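Here is the structure we will look at.
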Amino acid sequence: MTLNPVLERVTDNIIARSEQTRGAYLQRMEAARSKGPSRAHLSCSGQAHAYAAADPGDKAALATTDAGNLAIVTAYNDMLSAHQPFNRFPELIRDAVRSAGGTAQVAGGVPAMCDGVTQGEAGMELSLFSRDVIALAASVALSHDTFDAAVFLGVCDKIVPGLVIAAQAFGHLPAVFLPAGPMTSGLPNDEKALMRQKFAAGEATRAELMQAEMASYHGPGTCTFYGTANSNQMLMEFMGLHLPGASFVNPNTDLRDALTREGARRALSLSAQGNNYTPVCKVLDERAFANGIVGLNATGGSTNLLIHLIAMARAGGIILDWQDFSALSDVTPLMARVYPNGLADVNHFHAAGGLGYMIGNLLENGLLHPDTPTVGGDGLHAYRQEPVLKDGTLHWQDGAGRSLNDKILRPVTDPFQPSGGLVRLAGSLGTAVMKISAVAPEHHTVEAPVRVFDSQEAVKDAFKAGELTGDVIIVVRFQGPKANGMPELHSLTPILSILQGRGQKVALVTDGRMSGASGKIPSAIHVCPEAMEGGAIARLRDGDILRVDAGAGTLNILTDGVADRAPATADLSANQFGVGRELFASFRNTVGSAETGATIFGG
């Protein structure tokens with residue numbers, strides 16, 4: 001199948017744009033590889049420190065043979081349902097690599113926070129920065145330089161991007177990402193959302209809300225809606241860092257355990273000590289990132305990845321911009337309807353054919369680069385298959401080859417909509433992005449007077465006071481990375497949904513983030529320049545007219561004279577302390593813009 005010309009052109013543009021930075025990165029990785037396994041060069045004392053607590057058999061192998069040593073970098077904690085299953089993984093991994101003649105050690109742990117817990121709370125202001133903390137922590141874990149390959153245990157919103165950034169800093173090593181899988185299906189997501197709206201409108205008690213939430217989030221595994229966590233899992237498969245079909249197998253099952261063991265063995269088999277050396281720097285090339293963007297569009301994935309993918313790519317010397325996402329969105333059909341873009345959850349999506357079907361169908365239609373290196377081998381073609389257990393042994397077999405439920409999953413030739421739904425907006429307010437895969441066409445354009453707020457709490461107060469009447473564009477500013485760490489504003493969703501349900505035309509415009517679960521409200525997010533840097537959003541006043549037009553890709557101020565105003569300032573002193581925020585002042589002072597990944601790493 002001939003490659004889609006837009007995919008080819010966008011990829012060529014990325015390659016040309018990244019020529020110098022990518023070349024310098026690959027030179028650094030080659031220099032690291034050429035030194036060979038570093039533990040052989042450690043002093044006897046250094047090696048003794050590294051092996052002191054190892055199992056006696058592992059200690060002997062490490063000290064006297066050239067057996068490969070696998071690093072385990074884990075984001076385990078038992079407060080996150082998605083990460084609680086990782087408690088069992090180190091022993092599974094150790095046993096698997098021992099059977100292959102190798103060893104494995106937990107190199108270190110990284111923090112993992114839950115955006116669901118911190119949503120609308122002060123802790124959310126640390127959420128985006130936690131990605132870079134994770135990258136730093138994982139780098140410390142690997143800095144002992146005693147490893148031949150690595151496995152990374154992480155699932156949720158900032159954890160996977162942070163681990164990918166660190167993996168690329170050690171890009172001369174092979175890496176396999178080992179997911180934990182989604183929790184089993186609970187209360188349907190649409191029923192949960194309805195209960196949230198009823199509570200926001202005063203039509204349900206807190207006890208009723210709590211009962212619904214507990215029925216939805218009820219066990220170990222990833223939340224089952226298609227937010228950032230599950231978008232991360234999709235990306236790792238599309239970009240070749242998962243084993244084929246590994247993303248959406250439920251935790252604590254025999255198949256999940258078999259995939260974990262095989263992932264560990266596979267990581268070690270890809271090291272420089274073997275005959276199939278496949279380091280991260282080889283897997284994550286420009287084509288892999290283009291494939292990831294196609295996957296994000298085809299599945300209607302999280303808007304957070306519009307920031308994370310840029311930061312992840314830059315860690316490997318690859319420069320993406322929002323126009324790459326928009327251009328690929330125009331030619332990538334929306335193939336999936338998973339909540340909040342539909343009623344199904346990721347378990348239903350997986351059962352309908354899931355990622356294996358999508359990857360195969362996109363390959364057949366020239367919408368993916370087929371020959372990218374992967375940890376699964378055979379380029380992306382291996383990812384058309386699905387894992388199964390036969391007599392207790394892991395095998396891969398051809399997937400269904402068709403959708404088993406066309407209300408959830410459709411082919412490229414009969415999609416839910418012709419484009420992926422990630423739109424770059426540009427105009428007199430600056431640049432922004434919008435996800436429209438769940439937004440009804442009649443809401444793609446909103447022209448209305450604005451109400452301007454400097455916090456989401458102020459929006460909630462205005463709603464409770466009955467002030468948000470008529471058509472309105474809610475502007476929430478001073479929410480960018482330099483102001484307060486760029487929190488998600490997902491807690492505004494029930495309020496905005498109520499306004500839209502009343503027949504009002506409503507949109508959100510913000511220099512903050514929305515959510516991986518961005519839904520039916522048109523939301524122009526990640527506005528750049530942000531208010532803290534004096535962007536046009538800081539010059540808006542109540543009553544100014546904005547036009548948000550996803551079809552035209554524009555975000556314009558229609559009121560005259562706004563550009564001549566002095567930018568507003570805000571009292572941000574309340575954002576500087578508490579819940580650890582005082583420790584992140586240097587992050588706020590040095591972070592780059594959302595357009596460059598909102599990262600402290602030279603973005």
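Applying a threshold of 6 Å to beta carbon distances and a minimum spacing of six or more residues, or different chains, the list of pairs starting in segment 145-160 at a residue that is within 24 Å of PRO251 (Cβ to Cβ) and ending at one that is of a type in the set (Lys, Arg) and modelled with pLDDT of 95 or more reads LYS158/ARG131. In segment 362-411, what residues are touching a strand residue (DSSP E or B) at 6+ places or on another chain (Cβ under 9 Å), crowded, with 19+ Cβ neighbours inside 10 Å and within 25 Å of LEU343 (Cβ to Cβ)? Hits for segment 362-411 are GLU386, GLY399, SER403, ILE408, LEU409, ARG410. Evaluate the following for HIS381: is it touching a Pro at 6+ places or on another chain (Cβ under 7 Å), under 28 Å from GLY553 (Cα atoms) and in a helix (DSSP H, G or I)? So HIS381 does not fit the description; no. Taking the criterion of being part of a loop (DSSP other than H, G, I, E, B), touching a Leu at 6+ places or on another chain (Cβ under 6 Å) and either under 28 Å from GLY519 (Cα atoms) or hydrophobic (A, V, I, L, M, F, W, C) (or both), the residues of segment 333-366 that qualify are ALA352, GLY353.
If GLY274 satisfies all but one of (1) farther than 29 Å from PRO487 by Cβ; (2) at pLDDT 95 or above, what's the number of the condition it fails? Of (1) farther than 29 Å from PRO487 by Cβ; (2) at pLDDT 95 or above, only one is false for GLY274: (2). When you check SER437 against the structure, is it in contact (Cβ under 8 Å) with a residue 60 or more places away in the chain, part of a helix (DSSP H, G or I) and either buried (at least 17 other Cβ atoms within 10 Å of the Cβ) or of a type in the set (Ser, Thr, Tyr) (or both), yes or no? For SER437, the condition - in contact (Cβ under 8 Å) with a residue 60 or more places away in the chain, part of a helix (DSSP H, G or I) and either buried (at least 17 other Cβ atoms within 10 Å of the Cβ) or of a type in the set (Ser, Thr, Tyr) (or both) - is not met.
The requirement of being closer than 30 Å to GLN273 by Cβ and modelled with pLDDT under 90 is not satisfied by GLY23.
Go over the candidates MET113, MET195 one by one and state the one that is of a type in the set (A, V, I, L, M, F, W, C), within 25 Å of VAL346 (Cα to Cα), crowded, with 21+ Cβ neighbours inside 10 Å and not assigned by TED's automatic domain parsing to the domain that holds SER34.
MET195
Scanning segment 263-315 for residues that are assigned to a helix (DSSP H, G or I) and hydroxyl-bearing (Ser, Thr, Tyr) yields SER269, THR299. The listed residues are ALA426, ALA400, and the only one of them that is over 12 Å from PRO522 (Cα atoms), among the small types (Gly, Ala, Ser) and modelled with pLDDT of 95 or more turns out to be ALA426. Looking at segment 42-66 only, could you name the residues that are within 30 Å of PRO111 (Cα to Cα) and assigned to a loop (DSSP other than H, G, I, E, B)? Matches in segment 42-66: LEU42, ALA52, ALA53, ALA54, ASP55. A Cβ distance below 9 Å, combined with a sequence gap of six or more or placement on separate chains, defines the contacts here; from segment 38-55, residues that are of a type in the set (A, V, I, L, M) reach residues that are part of a helix (DSSP H, G or I) and modelled with pLDDT under 75 in the pairs ALA50/ARG39. The residue of segment 537-565 that is modelled with the lowest pLDDT, among those that are of a type in the set (Gly, Ala, Ser) and surrounded by 21 or more Cβ atoms within 10 Å (Cβ to Cβ), is ALA550.
Considering only segment 1-42, state which residues are hydrophobic (A, V, I, L, M, F, W, C), exposed (fewer than 11 other Cβ atoms within 10 Å of the Cβ) and closer than 27 Å to ALA67 by Cα. Once the filter is applied, which keeps residues that are hydrophobic (A, V, I, L, M, F, W, C), exposed (fewer than 11 other Cβ atoms within 10 Å of the Cβ) and closer than 27 Å to ALA67 by Cα, segment 1-42 yields ALA31, ALA40. ASP371 meets the stated requirement of being assigned to a loop (DSSP other than H, G, I, E, B) and either in the same structural domain as MET234 (by TED's automatic domain parsing) or of a type in the set (S, T, N, Q) (or both). The residue that is surrounded by the most Cβ atoms within 10 Å (Cβ to Cβ), counting only those in segment 43-82 that are hydroxyl-bearing (Ser, Thr, Tyr) and under 29 Å from GLY219 (Cβ atoms), is THR74.
Mind checking which helices (runs of 4 or more DSSP H) fall wholly inside segment 102-201 and carry at least 3 residues that are more than 18 Å from MET239 (Cβ to Cβ)?
Ranges flagged: 115-118, 127-142, 189-200.
Test ALA598 against the criterion of being buried (at least 21 other Cβ atoms within 10 Å of the Cβ), out of contact with any strand residue (DSSP E or B) (no Cβ under 6 Å at 6 or more places or on another chain) and not in a loop (DSSP other than H, G, I, E, B), and give yes or no.
So ALA598 fails the test.
The values are calculated or read from the model by the stated rules, or taken from the named source; none is laboratory data. All values derive from a computational prediction rather than experimental measurement. So basically every Cβ, Gly included, is an ideal-geometry build from the backbone, and we count neighbours across all protein chains shown.
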